[in-house]
Amino acid sequence: MNEQAYRAASEHAVYLDRSSAGCIEITGRDRLVLINRLSTNAVLNLALGTGQITVLTTNIGRIIDLITVFAIDDDTIWVITSANRGAQLTTYFGRNKFYGDQFKVRDVTESVHQMRVYGSQATAMLERLTSQSLEHVGLWQHLSAEIDGCPVRLARIRPMRGAGWAIFADLAAADALCEAFDDANAALLDRPTYHTLRVEAGYPALNELNEEFIPLEANLWDAVSFNKGCYIGQEIIARMDSRGRLAKKLQGLGLSGAVEVPATLTKNGQDAGTLTSVVWSPALNQYIGLGYVRTGHELGSELTIGEQQATVVELPFIAQTEPTTVE
């Protein structure tokens with residue numbers, strides 16, 4: 001982990017390349033109809049300049065991918081996927097075209113440069129670089145701007161250590177954007193440090209977002225609508241909600257020492273869940289992790305992982321400042 005980048009997230013701003021995340025362009029009349037019938041959230045009425053997270057699920061409600069949908073113009077949406085999922089999900093969307101549907105799907109991952117900016121001063125830094133006021137931009141909203149003469153699209157995303165922004169630009173702008181952030185004293189965020197900040201914030205990653213779990217177990221309640229009508233996997237997810245009891249839930253775990261993941265959590269010799277992520281937190285001065293803990297093991301429960309102990313704790317480990325939301 002890079003200690004300088006870790007401190008910079010709290011004191012100023014950090015940035016990282018996320019061009020491995022898929023970017024899928026969908027155009028045509030039924031572009032939102034497609035996403036609405038395949039995923040958990042209501043996206044039919046996305047206005048220009050807005051976005052929404054939603055989950056693609058299997059017919060038994062298991063997670064295929066957590067995606068973000070942005071309404072780009074009157075005929076275009078972008079679907080941002082997890083790392084290296086662009087080609088796979090482009091095929092998946094095309095395979096789900098019904099008779100009479102009007103939409104076209106194109107994987108534009110290779111032509112869109114993606115970056116993420118986080119930190120306590122991230123918004124202020126971007127305001128200086130773009131000469132625009134950004135405080136009014138709500139969660140998942142986005143707008144066009146320029147940084148060092150390069151056209152970009154800025155989108156407010158979940159915060160880490162103060163704020164979170166996704167930046168989309170042409171590939172040719174990559175070096176210029178990095179130079180602009182370096183000149184603004186933002187620190188380059190390496191992957192280990194990013195994952196430390198992610199776990200401290202309680203955000204799931206690919207190892208927590210797969211077909212072993214359903215969205216409610218992953219705490220993705222804000223990515224699920226219970227009023228939108230039918231979608232793939234709806235029956236299972238609605239049933240788990242109506243019963244008010246999940247088999248397991250993504251929880252924070254304070255650890256007595258380092259553990260390799262995945263690892264089985266136990267209580268009195270019985271299976272209590274699975275540890276999925278582990279990092280060292282300098283702010284908390286201990287190893288911490290995320291894991292799917294079986295229902296019944298409440299906050300404060302003491303579990304075992306081999307020779308190490310794990311205490312179930314509330315998420316997030318460190319509070320993240322929420323972005324301004326426009327009513």
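Numbers for the structure displayed
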| read-out | value |
| --- | --- |
| Residues of segment 142-168 satisfying the condition of being over 26 Å from Thr196 (Cα atoms) and either in a strand (DSSP E or B) or within 21 Å of the chain's Cα centre (by Cα) (or both) | His142, Leu143, Ser144, Ala145, Glu146, Ile147, Cys150, Pro151, Val152, Arg153 |
| Matching residues in segment 79-136 - criterion: being among the small types (Gly, Ala, Ser) and either closer than 16 Å to Leu16 by Cβ or in contact with a helix residue (DSSP H, G or I) (Cβ under 7 Å, 6 or more places away or on another chain) (or both) | Ser82, Ala83, Gly86, Ser111, Gly119, Ser120, Ala122, Ser133 |
| Search result, residues across segment 115-124 that are touching a Gly at 6+ places or on another chain (Cβ under 8 Å) and under 10 Å from His12 (Cβ atoms) | Gly119, Ser120, Gln121, Ala122 |
| Inter-residue pairs, beta-carbon under 6 Å, first closer than 16 Å to Thr91 by Cβ and in segment 101-113, second of a type in the set (A, V, I, L, M) and outside any strand (DSSP E or B), 6+ apart | Phe103/Leu34; Asp107/Ala87 |
| Selection count where residues are open to solvent by 10 Å² or more (accessible area, probe 1.4 Å) and over 20 Å from Ser82 (Cα atoms), scope segment 3-30 | 12 |
| Complete set of residues in segment 268-303 that are open to solvent by less than 40 Å² (accessible area, probe 1.4 Å), of a type in the set (S, T, N, Q) and assigned to a strand (DSSP E or B) | Thr276, Ser277, Ser281 |
| Some residue of segment 198-207 being touching a strand residue (DSSP E or B) at 6+ places or on another chain (Cβ under 7 Å) and farther than 26 Å from Ala13 by Cβ | yes |
| Complete set of residues in segment 183-197 that are touching a strand residue (DSSP E or B) at 6+ places or on another chain (Cβ under 8 Å), in a loop (DSSP other than H, G, I, E, B) and either crowded, with 17+ Cβ neighbours inside 10 Å or modelled with pLDDT under 95 (or both) | Ala186, Leu189 |
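To keep it simple, each residue is scored yes or no on (1) among the aromatic types (Phe, Trp, Tyr); (2) open to solvent by less than 20 Å² (accessible area, probe 1.4 Å); (3) outside any helix (DSSP H, G or I); (4) not assigned by the TED database to the domain that holds Ser82.
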position: Phe226; (1), (2), (3), (4): yes, no, yes, yes
position: Ile232; (1), (2), (3), (4): no, no, yes, yes
position: Gly254; (1), (2), (3), (4): no, yes, yes, yes
position: Thr266; (1), (2), (3), (4): no, no, yes, yes
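The values are calculated or read from the model by the stated rules, or taken from the named source; none is laboratory data. None of these values were measured; they are calculated from a predicted model. Cβ atoms come from the backbone with ideal geometry, glycine included; neighbour counts cover every protein chain shown. Note: accessible area is taken over every heavy atom of the protein model, side chains too, but ligands, DNA and RNA are not part of it. Shrake-Rupley method; radii C 1.70, N 1.55, O 1.52, S 1.80 Å.
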